[in-house]
Every structure is written in structure tokens, then in C-alpha cells.
Amino acid sequence: MSALDRMLASIDREWIARETATMVQIPSVTMDEKAVCAHFHRHLRDLGLEVDVREVTPGRNNLYACIRGTGGGPSLALNGHLDTIPIGAAWPYRRVGERLHGRGTEDMKGAMVAMLAAGKALLESGQRLKGDLWLTAVVGHEEAEASKDGPRALVEDIKTGRLPCDRIMIVEGDQSLWVMSMGSTVFSITMESGLGGAHTNNVPFGKNPIRFMGELITAIHDLQKRLDSGAHHPLAGPERIDIGIAQAGDYHNRTPLRCYIEGTRRWMPGKTVADIVRELEAIVRPIAEAGDLKFKVEHVMEREPFEVAADDPAVVAARQASTLVKGTAPPLIGRRIVGDANIYFNGSGTPSFYYGPAYKTAHSDDEWVDIADLETSAKVYVATAINYCGLA
């Protein structure tokens, strides 16, 4: 039996299930991660690792632990987040057969335990890698109030050399290699009228600001039709623009002082958020000028796109690992949604991608994960580390 086969055989699915259960029962909504940070820290120390505790804000820490290689190989960071969205109806924790239910089981405490199981198997085998393998955890991923402070701190630590790694494999998603995400921004468009709040009977309908708001919505729809008929990314399809909020007026027979639209714009590699803002301004300007309206385009929570090539050495290593463990090659996928890889790739230049146990119930009222999927992921992480970092 090879060293890798012995490591794969040593991964204990019941250990994974038990430790996931313990971790899920530690509430860790974004900004309140102190207890789960301490718990994960103890796990890393129990593996015999030194832990670099990187304070993000008091009591909220990123955690970095390194399984040192002998030298001569590239370094890989396994990465995930410790916080969850609010627990809501996804409580209490329970095990039903071979599924674990509760907030954080899939997103993503189960995967974080699978990461630990991979490190445990490697350390207990007595085998050494050539390159370093980092086990890393961040806070501040989920809720907007954190402003992604944990992932952004990790970027700074890569840039300063505190966390030297050549590739980042985020242990999130389904059992596919998610190697591309579009860029994304939440945009808002405000158009303000100089008419004041006038009785609609005294204002021709053609000059009512709401009419121009309707024209703007039509123009945005026309943009989407152009995007649909334009370039399609082979992994993620066409770009998108969506509207989630449209507001105007405060009384049934009074012209609005302000028209407001808020939505999301997603774009392919090759464009930037600055390009998107210019695009939106070019759509709004002629409509606002025709209605004698002042306008403003703003954006928040922007993420530039990322893409890692299919022949990147770490992607190849992960694909070979998944093929070995599962018997079939995992698909390469792209998504319009964004995540921490957008931040890591654009902030530090480190190629980053995802491979996780499942992506079916995250954020739902009945969040759950199959224990078998956690076990499979742990095995893939061990095999990826050996394939990419090299076995001494």
C-alpha cells in the first residue's frame, strides 16, 4: 500500500462527524467568532502545530498553521471561514442518519473539519511534503458589516510574507473545481428632480420623473439583451445586470423628488468595476438630461473577477486528486457569484480556486451536509497536497 493510500485509509469519517457536530454547536455569526476561533485554535495545537494568531479585531482572529515541508516544493494554503450567517430556523443541530443538520454544517464548518482531518492524516502518517501546507481560517466572510475584514487581512499577510503560499485552495463549494468567478458590484442610481413635490395634475405626464425612471429600467433591460447576445464565458455564460429595488414617490398625486434603483452587475474577466460605472453613467446620462434630472451612480461591495487556468499546477493536482478519490474527474466550473477567491486573487496575485464537499443548502432554513461528502473532501485535500507540494 502506498503512503497516499495509507493516509486516505486513515481518515476517520466518524471523527469528522463528531468534530463537525461540536463545532456547529458553537454559534459564530459574523462579528461574534471569538468562541469558534478559540475552538479551532485548540484543534490546530492538538495536531502539534504552531499557530499564528492574526488579530483582525479584538477577539476575532485569523488562524494560520503550517505543516512544514522539507524544501524544494511549492506551498499550498487550504482556506475557509469560521463565521456563519445568523442561525435563524436552522437549529437545533441534529444528526439524521448520515446527514448533519444545522447552521454551518455545509457553510462551512464541516469543510473546516475536513481540512483538519486532512492535516491530521498527513501528520500521523509520518510522511513529509516537500512544500509547506498551510491550514488557514478567516473570520468576517459572511455579513456585510465585517467588510470582509478577515479575507482582506489574509491578503495583507500574504503580501508582507507572514503567510507565504503559492496557491490557495478554498474548501468551499461542491465537488467541482470552481476556477472562475465574474466580477460583481452592487450599484445604485439616484435621479433627483428640481420640480419639487408638485401636484401631478399640474405637471404634464411627459415631465413626471417617474416616466424617466421607467425609461431607465427599459434601458437596463436593453443592456441585458445586448449582454445575452454578446460574448459568453465558457464556464459562466453571459454577463448579468439585475434590479432588486426600484423606489419613487411618497404620495399618489404628487411628483417624486427622487427616483432610486439598486441592483447588481456581474462581468467577465477583462473588465473592471471602473468600466462598469462608466457603462452605467452612459446609460443614465441621456435619460436624466432629457428629464432635467440630476443623477448619481454609486457602487458598493465591488469584487473584480478572477480566473485560474485549467492547466495551473495546483488545479491539475486537485483534479488528479479528486479523480483518484472518486473515480471520475471533477468538472471545471465558473460562477457569476463572487467569494473570497476574488479578493485573494486580485489582492495578492495568488492563484486561488475552490473545492468543497457540497453547495446545496448553504444559507437555507434546513442546512445540512452528508458525512460521506466531508470524508471525500478530506481525502481530496490530502491527495492534492501530495500532488502539488510533492512527497519527500
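For Val203, state whether it is farther than 30 Å from Ala329 by Cβ, modelled with pLDDT under 95 and among the β-branched types (Val, Ile, Thr). When the stated conditions are applied, Val203 passes them. In the set Lys159, Lys109, only one residue is in a helix (DSSP H, G or I), charged (D, E, K, R) and surrounded by fewer than 24 Cβ atoms within 10 Å (Cβ to Cβ); that residue is Lys159. Residues to consider are Ala146, Ala137, Ala111, Ala121; find the one that is closer than 15 Å to Glu19 by Cβ and touching an Asp or Glu at 6+ places or on another chain (Cβ under 8 Å). None of the other options fit; the residue is Ala111.
Filtering Asp228, Asp222, Asp166, Asp132 for residues that are at negative phi and either crowded, with 19+ Cβ neighbours inside 10 Å or of a type in the set (Val, Ile, Thr) (or both) leaves a single hit, Asp132.
Candidates in segment 172-203 are the residues that are in a helix (DSSP H, G or I) and in contact (Cβ under 8 Å) with a residue 12 or more places away in the chain; of these, the one that is nearest to Gly110 (Cα to Cα) is Thr200. Taken over segment 318-364, the criterion of being of a type in the set (D, E, K, R) and touching a strand residue (DSSP E or B) at 6+ places or on another chain (Cβ under 9 Å) is satisfied by Arg319, Arg335, Arg336, Asp340, Lys360.
Against the definition (assigned by TED's automatic domain parsing to the domain that holds His199, under 30 Å from Gly194 (Cα atoms), of a type outside the set (Gly, Ala, Ser) and surrounded by 16 or more Cβ atoms within 10 Å (Cβ to Cβ)), how does Thr255 come out, yes or no? Criteria met by Thr255.
The values are calculated or read from the model by the stated rules, or taken from the named source; none is laboratory data. Since the model is a prediction, treat every value here as computed from it, not as a measurement. Positions of Cβ are backbone-derived with ideal geometry, glycine not excepted, and every protein chain shown enters the neighbour counts.
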